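Beneath this line is the structure, given in structure tokens, with notes to follow.
The values are calculated or read from the model by the stated rules, or taken from the named source; none is laboratory data. Owing to the predicted nature of the structure, the values given are computational and were not obtained by experimental measurement. Don't worry about glycine lacking a Cβ; one is built from the backbone with ideal geometry, like all the others, and counts go over all protein chains shown. Side chains are part of the model used for accessible areas, which takes the heavy atoms of the whole protein and leaves out ligands, DNA and RNA. Shrake-Rupley method; radii C 1.70, N 1.55, O 1.52, S 1.80 Å.
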Amino acid sequence: RIIMNLETIAKTLQLRIHTGGERLGVEVRGGYVGDLLSDVMANSREGELWITRQTHQNVVAVASLKELAGVILVKGAEPAADTLEKAARENIPLFTTELSAFETAGRVHRMIFPREE
């Protein structure tokens, strides 16, 4: 495992940063992919980067509750206005990408857990 922070992931994947820019030094310990909030609440872990298509403000509530490193909205999804406001208030790093969840997860995984050859 390589110590990876949000800034490196955001730059490498060319993510658009919406909120939480001052927290880009946060270490990302892994990732979680899911759109069902109850699943993310039950199974994600502190320090993980959440990859989802959900754009409503409850995403921020879950990310805050679980102390996730940040949230990436995929496939060109744009956060709702109230989501942006809540993410800014709670200082949750929120990113967007045109990539699919599958591609995003694969790239993040390779960055954190590169193959040892």
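The table for this structure:
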read-out: Within region 86-102, tally of residues that are touching a helix residue (DSSP H, G or I) at 6+ places or on another chain (Cβ under 9 Å), open to solvent by 20 Å² or more (accessible area, probe 1.4 Å) and either modelled with pLDDT under 95 or part of a loop (DSSP other than H, G, I, E, B) (or both); value: 2
read-out: In region 28-47, the residues that are in a loop (DSSP other than H, G, I, E, B) and within 20 Å of residue 11 (Cα to Cα); value: 29, 47
read-out: Residue match in region 75-84 (condition: touching a Leu at 6+ places or on another chain (Cβ under 8 Å), in a helix (DSSP H, G or I), of a type outside the set (A, V, I, L, M) and in contact (Cβ under 8 Å) with a residue 24 or more places away in the chain); value: yes
read-out: Selection count where residues are farther than 15 Å from residue 99 by Cα, open to solvent by 70 Å² or more (accessible area, probe 1.4 Å) and not polar (S, T, N, Q), scope region 28-57; value: 7
read-out: So residue 83, is it open to solvent by less than 40 Å² (accessible area, probe 1.4 Å), in contact with a His (Cβ under 8 Å, 6 or more places away or on another chain) and under 21 Å from residue 13 (Cβ atoms); value: yes
read-out: Single residue of 71, 108, 60 found to be open to solvent by less than 10 Å² (accessible area, probe 1.4 Å), in a strand (DSSP E or B) and either basic (Lys, Arg) or closer than 23 Å to residue 22 by Cβ (or both); value: 71
